[in-house]
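> Before we start, here is the structure in question, set down as structure tokens.
Nothing in this text is a laboratory measurement; each read-out follows from the coordinates by a stated rule. These numbers come from a predicted model, not from an experiment. Here the Cβ is made from the backbone with ideal geometry for all residues, glycine too, and neighbour counts use every protein chain on show.
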Amino acid sequence: MTVLAALVRRDLTLALRQGTGAGTALGFFLTVLVLIPLGIGPDQALLQRIAPGALWIALLLSVLLSSDRIFQADFEDGSLELMTMGPAAMEIVVTMKGLAHWLTTGLPLAIAAPLLGFLLNLDAALIGPLVLAMGLGSVALSLLASLGAAVTVGIRRGGLLVSLIILPLYVPVVIFGVAASSGIGGVNIAGPSLMILAAIALVALVTVPFAAAAALRAYMH
Amino acid sequence: MKIEKYANPTRFLALQEKMQPWLTGSAAFIIAIGLYLGLVVAPPDYQQGETVRIMFIHVPSAWNAMMVYTLMAVSSIIAIVFRHPLADMAAKAAAPFGAVFAFLALATGSLWGKPMWGTWWVWDARLTSTFVLFLLYLGYIAVWQAIEEPRRAAAIARIVAIVGFINVPIIKFSVDWWNSLHQGESIFRAGGPSIYPTILWPLLVMGLGYTLMFFALEFSALRSEVLARRIRQMEIAEAQGS
């Protein structure tokens, strides 16, 4: 348990002390959200309608943009290899690093979303479901991002490749995430969508570590 | 005779040489019959008119796009479990054809959608999931392009192929799970096909023809892949020797 805690604590400390951590993701999230009304126009009714979707897209891009910090630096300076020699299996290391990424990206952004939602005239009634859906959905996003980061860790300029591989897998999260956090559809689909989001997050939690660990091993040997 | 025997590249090359003319010939012959049945014999649909004939390209392409990805995922699993040298190459060789099939399904569907649904494209479940399949093919191909060392590229590509396979059942059942503008399953369903025999037969013949065409292309691409790898090994050996 102390090993797991140490792994998470190390990543959290790095993220908080280096400028490239949670602050950058939050700044990027804010930038995207500011650009949307500038690009679409300040029509309040239109903004209110697209606010949940726009917040989700901004979240997704922020998670994707910060995905390279999950493994890249540790892979390059050799500390990842050192971690694999420790008591924890590679799969555990991957899970903990994914968790640390969620704690420094998905969770803060989900909490900040309603605040920044005011920029988009977000309907106040949607704040609760939105935070819940984003908090849950970003678990899946962070885990899938760690898979993409693992698959491209040894590739120079792997950033574009990450988006090509991972964006298709983000599609269900976005669809059910938006369904859970916006009033679209007429009938009440928020509950079932939230459950599907939870299911996706759980499936990612049990499958992604194995796939990502296999990819990291392929790069280390 | 056992099928595992042909996992050996040399034996595969010998088999491929014998089978290639038959595969290519039968694919061309069956597609010719299918086109004749579809374009000449089959009557126009009473509602859709002549546009119904787009189906004879559209549906076989979509079937093959899903089948090819399934084969790639199965090959990748075989490569992980049995370490057959040919399995990775088979998956790598299949990917561009799968991407073309997915693209054809999307393009012909779009051409068919305009007169029938009144729109080139809608973001509904089956269209979206097929588009995602196309992107997965591109991602898989990009992995092989981006990683220079073949063994490492193979190891990464396997993971990408297997993870992406989750999309195939989603495409297959998308029309049952969601209310889609795309029509529901009308061939492989309980109670038999719901489309009329005069257009069902050309469709099945074209489906068989497309599948044979894929295997003809796949065999010849796999031959190139085996030979390319041998050339690479010879070049390495030569560079080390000098």
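> So what are the ³J(HN,Hα) numbers for region A:145-151, from phi and the Karplus equation (6.51, -1.76, 1.60; θ = phi - 60°), rounded to whole Hz, Gly and Pro as x?
Result, ordered by residue: 5, 5, 5, x, 5, 5, 5 Hz.
> Here's another thing I want to ask about it. Using just the helices of chain B, give the 222 nm mean residue ellipticity in deg cm²/dmol: DSSP H runs with n ≥ 4 each add -39,500 (n - 2.57), and the total is spread over all residues, rounded to 500.
Here the helix-only value at 222 nm equals -27000 deg cm²/dmol.
> Using a/c under 1.5 as the rounded threshold, could you call the protein assembly as shown rounded, prolate or oblate? The axes a ≥ b ≥ c are square roots of the C-alpha gyration tensor eigenvalues, and prolate needs a/b larger than b/c, oblate otherwise.
oblate
> I need the calculated FRET efficiency for the pair B:W120 and A:V171, taking r as the beta carbon distance and R₀ as 25 Å, to the nearest 0.05.
Calculated transfer efficiency: 0.80.
> Please give the average number of partner chain Cβ atoms lying within 10 Å of the Cβ of each residue in B:150-159, rounded to a whole number.
The per-residue average across the peptide is 5.
> Can I ask one more? Cα-based Rg of region A:101-210 per 2.2 N^0.38 Å, rounded to two decimals?
1.13
> Taking the number of other C-beta atoms within 10 Å as the exposure measure, put A:F71, A:F28 in order starting with the fewest.
Fewest to most other Cβ atoms nearby, the residues stand as A:F28, A:F71.
> Pairwise over distinct Cα atoms, reciprocal of the mean inverse distance: report the Kirkwood radius of region A:2-220 in Å, one decimal place.
Computed over region A:2-220, the radius equals 17.7 Å.
> For a quick protection proxy, order the peptides B:150-160, A:7-17 by their average other-Cβ count within 10 Å, most packed first.
Packing proxy ranking, top to bottom: B:150-160, A:7-17.
> Per residue of chain A, what 222 nm ellipticity follows from adding -39500 (n - 2.57) for every DSSP H run with n ≥ 4, rounded to the nearest 500?
Result for chain A: -26000 deg cm²/dmol, rounded to the nearest 500.
> Moving on. How far is helix B:85-117 tilted, in degrees, relative to the longest principal axis of the Cα atoms in chain B, given as a value from 0 to 90 rounded to the nearest 10?
On a 0 to 90 degree scale, this one is about 20.
> Let me ask something else. Hey, got the dipole for region A:2-220? About the Cα centre, +1 on K and R Cβ, -1 on D and E Cβ, debye to the nearest 20?
With Lys and Arg at +1 and Asp and Glu at -1, about 80 debye.
> Please report, in debye to the nearest 20, how large the charge dipole of chain B is about its Cα centre when each Lys and Arg carries +1 at its beta carbon and each Asp and Glu carries -1 there.
500 debye
> What is the average number of partner chain Cβ atoms found within 10 Å of a Cβ in B:118-129?
So the per-residue partner count for this stretch is 1.
> Using the per-residue mean of other Cβ atoms lying within 10 Å as a proxy for protection, in what order, highest first, do the peptides A:121-129, A:150-158 fall?
Descending packing order for the listed peptides: A:150-158, A:121-129.
> In debye, nearest 20: dipole of the protein assembly as shown around its Cα centre with unit charges on the Cβ of K, R (+) and D, E (-)?
Roughly 660 debye for the protein assembly as shown.
> For region A:1-109, what is the convex hull (Cα atoms) projected area averaged across all directions, in square nanometres?
Answer in nm², one decimal: 7.7.
> I'd like to compare B:74-87, A:92-105: which one has the highest average count of other Cβ atoms within 10 Å, and what's the full order after that?
A:92-105, B:74-87
> Measure nothing fancy, just the Cα-based angle from helix A:2-17's long axis to the longest principal axis of chain A, in degrees from 0 to 90, nearest 10.
Result, in degrees: 60.
> Tell me, in nm to one decimal, what length is gained between B:R83 and B:A32 on full extension, where the rule is 0.36 nm per residue of separation less the Cα-Cα distance?
Contour length minus the Cα-Cα distance gives 14.5 nm.
> Evaluate E = 1/(1 + (r/R0)^6) for B:D45 and A:A199, where r is the Cβ-Cβ distance and R0 equals 41 Å; express this FRET efficiency to the nearest 0.05.
0.50
> Round to the nearest 10 and give me the degree value, 0 to 90, for the angle of helix A:190-220's Cα axis relative to the longest principal axis of chain A.
Around 30 degrees separate the two axes.
> Set Lys and Arg Cβ to +1 and Asp and Glu Cβ to -1, take the dipole of region A:5-82 about its Cα centre, and tell me which of A:G27, A:S67, A:I50 lies farthest positive.
Of the listed residues, the answer is A:I50.
> Follow-up. What average count of beta carbons from other chains do you get within 10 Å of the Cβ of residues in A:209-215?
Mean inter-chain Cβ contacts per residue within 10 Å come to 3.
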